[in-house]
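Remarks on the structure that follows.
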Amino acid sequence: MTHTHTLPLSKQATLPRFGVAPSRVLVHLSLIGYLLLAMLPVLLVLMNSFKSRDAIFSDPLSWPTSETFSLIGYTKVMARSDVWMYFQNSFIVTVASLFFILLFGAMAAWGISEYRFAGNRWLRFFFAFGIMVPIRLGTVSILQIMVGLNLVNTLTALVLVYVAQGLPLAIMILSEFMAQVPGELKDAARCDGIDEFRIFFQVVVPLIRPAIATVAVFTMVPIWNDLWFPLILAPSEKTQTITLGIQQFVGQYATDWNAVLASLSLAIVPVVSLYALFSRQLIRGITAGAVK
Amino acid sequence: MASVTLNKLSKSYGNTPVLHNIDLHIEHGELVVLVGPSGCGKSTLLRVLCGLEDISSGELRIDADVVNNLSPADRGIAMVFQSYALYPHMNVFKNMAFGLKIQGSSKEDIALRVLAAAKVLHIDHLLERLPRELSGGQRQRVAIGRAIVRKPRLFLFDEPLSNLDASLRAKTRIELSRLHRDLAATMVYVTHDQVEAMTLGDKIVVLNEGHVQQAGTPLTLYQQPANRFVATFIGSPTINLLPARVLEAGSTGVRLQLADGSKVLALVDGSQLQTGESVEIGLRPEHCSVDESAAHTGPDDTALHAEITLVEHLGESNLLYLKTDTDQELIVRGDGNAAVRLGDAVIVRAAPESLYLFRADGTAAPRLRPGNMRSAHVH
């Protein structure tokens with residue numbers, strides 16, 4: 001910090017912005033600039049989803065005015081019942097995958113960080129390898145497996161694949177945090193007669209809540225946004241996710257832009273709210289000092 | 001309460017032996033202190049007793065049961081850790097109740113036990129607080145409370161006072177002593193602080209490099225150490241050691257010649273010694289006196305000419321650091337009221353009965369007239 005806190009509180013509130021060093025202004029400006037750049041496409045989508053069709057084409061960069069404001073995109077989308085089904089599919093797949101990734105990831109992380117057994121190191125390498133190799137390389141084999149198991153066009157196939165995709169990173173991160181839980185705490189629990197499962201669920205997991213929230217946040221987004229596996233493994237009408245479903249509105253000859261933009265805007269809502277939920281946990285966990 | 005017996009207990013980590021053939025017996029209601037330098041194996045021994053480490057060979061019995069393969073809870077043991085190890089996300093009440101809840105005790109029973117323990121330890125007003133809202137001393141008491149509510153056969157303490165500041169340490173030491181008496185509990189206590197060991201223990205076990213050097217009452221270890229290591233470990237400041245040669249050895253005393261040529265008598269049992277053997281004599285700083293002249297020196301006394309090089313004034317005594325003619329360094333505890341000056345040439349005097357004698361291999365010759373070895377607390 002280049003400025004000191006010697007002024008009384010009342011004076012500090014009225015300190016002009018330029019009382020700050022120029023380097024900080026530059027940093028803030030560039031950060032705001034990048035934020036605008038990144039947000040511009042999203043903003044465009046949101047703005048234009050509230051406009052009538054002509055207004056979108058005549059003036060795509062303007063805010064919706066009283067003349068151009070129209071909810072027709074949204075009414076069209078929400079009237080279609082299959083859009084709700086797509087949302088439901090996305091939701092089910094994302095939540096189920098997250099649940100299993102966190103549960104098994106935490107348990108695996110606990111196993112390899114806490115217990116000494118033959119092959120511990122090799123197991124670690126195996127999981128680390130999983131981070132380095134992209135799962136999409138094995139798409140053909142995965143499709144063959146799903147066909148063999150009769151799981152094509154089921155949500156189960158998607159959940160299985162996403163769990164496999166998300167586990168390595170989850171395990172690596174969670175095992176780092178678990179290694180930081182003080183050894184004496186676990187010993188004390190063992191002396192209290194608590195069995196290993198209870199120690200895991202009731203002592204260790206509450207202490208690594210911030211880590212779990214972190215893993216949840218950046219595991220969830222790639223799953224929700226994924227187009228690849230839904231397209232390959234579950235393209236049927238009943239199992240489409242929202243990302244896949246929106247593609248339908250983009251036709252070869254004529255595109256219903258209102259519907260596309262409206263459904264894209266709606267698609268943002270669940271994942272943003274899930275993120276908000278977890279990130280609050282994350283921050284609360286860190287500031288509460290839950291992890292010693 | 002329980003008695004504990006260790007029979008040739010050994011432990012190795014892989015190929016590295018850490019504990020060698022430990023033989024030990026702890027009576028009902030005894031407070032035994034395991035003491036020794038860092039790395040001597042005392043914490044490992046405690047963890048083995050607890051059941052957190054397994055035993056490589058040998059037998060561990062609590063009362064009559066062989067408990068080698070039992071889990072900590074099944075052994076009826078409770079442990080208080082150095083860092084207290086309280087569950088950070090549970091309040092004090094839940095911390096103390098957790099173990100009981102898992103065992104399946106009823107809610108009323110748990111509440112009764114927790115409140116009773118909290119009262120004894122003066123933490124009953126803190127039951128709703130989280131560990132991070134407590135001071136070090138309060139956390140320590142919660143850790144002890146968590147052990148008490150389980151009504152174990154055996155209490156284990158792993159350096160519980162090391163994280164406290166000096167004044168709190170002294171106060172808590174006395175409270176622990178009182179707790180031991182009130183609970184009439186069998187306790188095993190690990191520390192590296194010999195003052196804690198001397199004041200708390202009914203019995204002290206001195207460990208070094210995984211071997212038991214000696215086990216006995218504090219005063220026995222002080223007056224009759226079995227070897228050089230125990231003699232230097234117990235007693236602060238450390239005992240002075242002087243090289244000497246045996247002139248005449250018998251069961252009623254040993255005559256020796258010191259490096260400066262003077263001849264002294266040590267009242268130790270010299271029946272195992274040979275004439276001409278190189279030994280070391282031990283002089284405790286508190287058993288020596290410092291005189292200006294040789295007027296008080298008896299014919300058999302040890303009298304060393306030395307010069308004062310450093311003085312530490314403790315108020316109740318002076319610690320005098322001296323150097324003899326033969327460049328031997330000595331520490332003597334002198335009267336706090338005596339006026340001394342650096343550079344004073346003095347005579348360090350010690351009576352024959354206060355001398356210790358150690359052979360080249362470290363074993364001690366038994367003293368024939370050791371000082372008081374009877375504790376006021378022995379019933």
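Read-outs throughout are calculated quantities, based only on the coordinates presented, and are distinct from any laboratory measurement. Because the structure is predicted, anything quoted here is derived from the model rather than measured. Note: ideal-geometry Cβ built from the backbone for every residue, glycine included; neighbour counts use all protein chains shown.
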- Placing one equal point scatterer on each C-alpha of the protein assembly as shown and summing with Debye, one gets log10 I(q)/I(0) at q = 0.07, 0.09, 0.12 Å⁻¹ equal to -0.73, -0.96, -1.25
- Message: Going by Cα centres, the range A:172-248 and the range B:310-344 are how many Å apart?
- Response: 67 Å
- Query: Relative contact order for the range A:75-287: what is it in percent, counting Cα pairs under 8 Å that are at least 6 residues apart?
  - Reply: 32 percent
- Between the modelled labels at residue A:228 and residue A:176 (7 Å from Cα along Cα→Cβ) the distance in nm is 2.3 nm
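Would you mind putting B:363-374, A:21-32, A:111-122 in packing order, based on average other-beta-carbon counts within 10 Å, highest first?
Values: B:363-374: 15.0, A:21-32: 10.7, A:111-122: 12.2.
The packing order, highest mean first, is B:363-374, A:111-122, A:21-32.
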- Note on the structure: Final fewest-first order of B:305, B:287, B:125 on the 10 Å Cβ neighbour count is B:125, B:305, B:287
- Task: With viscosity set to 1.567 mPa s and temperature to 4 °C, compute the Stokes-Einstein D of the range A:75-287, Rh being the Kirkwood radius across alpha carbon pairs; µm²/s, no decimals.
- Result: 68 µm²/s
- Note on the structure: In terms of the alpha carbon gyration tensor, root eigenvalues a ≥ b ≥ c, rounded if a/c is under 1.5 and otherwise prolate when a/b exceeds b/c or oblate, the range A:28-128 is oblate
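What are the equivalent ellipsoid semi-axes of the range B:240-365, built from the alpha-carbon gyration tensor (square roots of five times its eigenvalues), in whole angstrom, biggest first?
27, 13, 13
Determine the alpha carbon to alpha carbon distance for each of B:42/B:107; A:186/B:171; A:186/B:42; B:8/B:107; B:171/B:323 and list only those over 31 Å. Walk me through the numbers before you get to the answer.
Details: B:42/B:107 38 Å; A:186/B:171 29 Å; A:186/B:42 20 Å; B:8/B:107 43 Å; B:171/B:323 38 Å.
From the list (B:42/B:107; A:186/B:171; A:186/B:42; B:8/B:107; B:171/B:323), the Cα-Cα distance tops 31 Å for B:42/B:107; B:8/B:107; B:171/B:323.
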- Note on the structure: Partner lysines whose C-alpha sits under 28 Å from that of residue A:238, ignoring same-chain residues fewer than 8 away, are A:76
- Query: Under a point spin-label approximation (7 Å from Cα along Cα-to-Cβ), what is the residue B:368-residue B:337 distance to one decimal in nm?
  - Reply: 3.5 nm
- Item | Largest to smallest principal axis extent of the C-alpha atoms in the range B:4-232, angstrom | 51, 39, 30
- Item | Dipole magnitude of the protein assembly as shown, debye to nearest 20 (Cβ charges: Lys/Arg +1, Asp/Glu -1, about Cα centre) | 2260 debye
- Item | Normalised contact order of chain B, rounded percent, pairs of Cα under 8 Å and 6 or more residues apart | 15 percent
- Using only Cα positions of the range B:201-259, each an equal point scatterer, no hydration layer, compute I(q)/I(0) via Debye at q = 0.23, 0.27, 0.28 Å⁻¹ and quote the log10 values to two decimals. -0.95, -1.06, -1.09
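With a 10 Å Cβ neighbour count serving as the proxy for reagent exposure, in which order, fewest first, do B:263, B:119, A:186 appear? Could you put the intermediate results ahead of the total?
Values: B:263 14, B:119 11, A:186 20.
Least to most surrounded, the residues fall as B:119, B:263, A:186.
What ranking do A:39, A:220, B:90 get, fewest neighbouring Cβ atoms within 10 angstrom at the top?
Ordered by Cβ neighbours within 10 Å, fewest first: A:39, B:90, A:220.
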